[in-house]
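Structure first, commentary second.
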Amino acid sequence: MKRILIVGSTGQIGSELSIRLRSIYGRDNVVCGFYTPPYPEGFFDAGPTVEINALHIEQIAGAVKEYKIDTIYNLVAILSATAENYPQLGWDVGIGSLMNCLDVAREYHCAVFTPSSIGAFGPSTPKDNTPQDTIQRPNTVYGITKVLGELVSDYYYNRWKVDTRSVRFPGIISYMTLPGGGTTDYAVEIFYKAVQGKPFVCPIKPGTFMDMMYMPDALDAAIHIMEADPAKLVHRNSFNVTSMSFDPEILYKSIKQYYPDFKMTYEIDPLKQSIADSWPNRLDDSCAREEWGWQPHYDLEQMTKDMIEKLRVKS
Ligand code: SER
């Protein structure tokens, strides 16, 4: 049975990953490291928690020792648009947390998952069917931290046999905890507006395609890669994974099936648009499918239906 520490457990991914991991490995085998509020409802009653500032290595090491951790999920990051506005912070948080988790893992023999992203690609990357192994010259701080994360994670594996594994997440759509400061956030916010009966002002131009994924599939990816048979892994850091690719118009039409009067207008955010333009249209995730059986379950229609049902209950 794994003993897991999630660093950054209160964010968009962590708040749901902790629930799923506890359902698999048991409540007390998953320790939630928290730092930045707001904390999800019931967070402190759902299982063990520990305050961790990921920039303080001794706090991560302390939790790993105390709870006899063997697997670290490092989910700490400043998302793409915020990191462009606060580059030093984006760098310090992304790289600081990464290096601290890797060094603790090396000393205490833990496996480490640090998500990479579609942001690890840049304007010179092939945009369609973006291959697993291709040009990675991102032009954002977030993307640079993600490429460095991939390289350093592979380095720790090759040099010190630290069991590092990762996936390149697309934009993640979910209803429990809002993302913050990401370029793909529009694809979450639009659902909230539709369910509230309000119009949506889209910051991304029509015709801008990006990879997306519904949260249940993102959780599957994060868990299955860590359970994968290491003998079958040719790659480690990091695997292309995707579920769907759409532009704002396609998403709008999908939501309009449930809310025919829903209105969307455009007010382009130049920063987010330039980031989106530098990212792929659609990843080729065949290596993940072949090496560890990656298989998403939600397409755009299924996701739209489920998001709307869940948000209706919430509101
Ligand atoms: N969702 C992230 C962002 O938009 C990409 O990984 O920054």
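At least 1 residues being exposed (fewer than 14 other Cβ atoms within 10 Å of the Cβ) and at pLDDT 95 or above is the threshold, and among the strands (runs of 3 or more DSSP E) wholly inside region 202-315 those reaching it are 264-266. Each residue in region 16-41 was checked for being within 23 Å of Asp220 (Cβ to Cβ) and modelled with pLDDT under 95, and 1 pass.
Report the residue count in region 99-127 for those that are of a type in the set (A, V, I, L, M), without any contact (Cβ under 8 Å) to a residue 60 or more places away in the chain and either within 19 Å of Thr183 (Cβ to Cβ) or in contact with a strand residue (DSSP E or B) (Cβ under 6 Å, 6 or more places away or on another chain) (or both). If you could, list the steps in order and put the result at the bottom.
Initial filter on region 99-127 (of a type in the set (A, V, I, L, M)): 99, 102, 104-105, 111-112, 118, 120.
Then drop every residue that is not without any contact (Cβ under 8 Å) to a residue 60 or more places away in the chain, which leaves 99, 104-105, 112.
Remaining after also requiring either within 19 Å of Thr183 (Cβ to Cβ) or in contact with a strand residue (DSSP E or B) (Cβ under 6 Å, 6 or more places away or on another chain) (or both): 105, 112.
Of the residues in region 99-127, 2 are of a type in the set (A, V, I, L, M), without any contact (Cβ under 8 Å) to a residue 60 or more places away in the chain and either within 19 Å of Thr183 (Cβ to Cβ) or in contact with a strand residue (DSSP E or B) (Cβ under 6 Å, 6 or more places away or on another chain) (or both).
Filtering region 154-173 to residues that are open to solvent by 10 Å² or more (accessible area, probe 1.4 Å) and among the hydroxyl-bearing types (Ser, Thr, Tyr) leaves Tyr155, Tyr156, Tyr157. Checking each residue in region 180-198 for being in contact with a helix residue (DSSP H, G or I) (Cβ under 6 Å, 6 or more places away or on another chain), in a loop (DSSP other than H, G, I, E, B) and either closer than 14 Å to Met212 by Cα or at pLDDT 95 or above (or both) picks out Gly182, Thr183. With the condition kept exactly as written, say whether any residue in region 132-139 is basic (Lys, Arg), out of contact with any Leu (no Cβ under 6 Å at 6 or more places or on another chain) and either crowded, with 19+ Cβ neighbours inside 10 Å or farther than 25 Å from Asp92 by Cβ (or both). No, region 132-139 contains no residue that is basic (Lys, Arg), out of contact with any Leu (no Cβ under 6 Å at 6 or more places or on another chain) and either crowded, with 19+ Cβ neighbours inside 10 Å or farther than 25 Å from Asp92 by Cβ (or both).
Okay, residues lined up against (1) part of a helix (DSSP H, G or I); (2) among the polar types (S, T, N, Q); (3) more than 19 Å from Thr114 (Cα to Cα):
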{"site": "Ser15", "(1), (2), (3)": "yes, yes, no"}
{"site": "Arg20", "(1), (2), (3)": "yes, no, no"}
{"site": "Asn53", "(1), (2), (3)": "no, yes, no"}
{"site": "Ala63", "(1), (2), (3)": "yes, no, no"}
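Has region 99-114 got at least one residue that is farther than 28 Å from Leu271 by Cα and loosely packed, with under 15 Cβ neighbours inside 10 Å? There is at least one residue in region 99-114 that is farther than 28 Å from Leu271 by Cα and loosely packed, with under 15 Cβ neighbours inside 10 Å.
Inside region 94-127, residues that are more than 13 Å from the ligand (Cβ to nearest atom), aliphatic (A, V, I, L, M) and in a helix (DSSP H, G or I) make up a count of 6. Thr130: over 27 Å from Asp70 (Cα atoms), more than 11 Å from the ligand (Cβ to nearest atom), in contact (Cβ under 8 Å) with a residue 12 or more places away in the chain and in contact with a strand residue (DSSP E or B) (Cβ under 6 Å, 6 or more places away or on another chain), yes or no? It is true that Thr130 is over 27 Å from Asp70 (Cα atoms), more than 11 Å from the ligand (Cβ to nearest atom), in contact (Cβ under 8 Å) with a residue 12 or more places away in the chain and in contact with a strand residue (DSSP E or B) (Cβ under 6 Å, 6 or more places away or on another chain).
A count restricted to region 174-201 and to residues that are of a type outside the set (Phe, Trp, Tyr), open to solvent by less than 10 Å² (accessible area, probe 1.4 Å) and near the ligand (Cβ under 10 Å from one of its atoms) stands at 5. Looking across Met176, Met212, one residue alone is touching a helix residue (DSSP H, G or I) at 6+ places or on another chain (Cβ under 7 Å) and closer than 17 Å to Ser117 by Cβ. It is Met212. The set of residues from region 140-153 being aliphatic (A, V, I, L, M) and either closer than 16 Å to His235 by Cβ or open to solvent by less than 20 Å² (accessible area, probe 1.4 Å) (or both) comprises Val147, Leu151, Val152.
The values are calculated or read from the model by the stated rules, or taken from the named source; none is laboratory data. Here the structure is a predicted model, which is why all the values come from computation and not from measurement. Counting neighbours? That spans all protein chains shown, and the Cβs are built from the backbone with ideal geometry, glycine included. We work out accessible area using only protein heavy atoms, side chains counted, and drop any ligands, DNA or RNA first. Shrake-Rupley method; radii C 1.70, N 1.55, O 1.52, S 1.80 Å.
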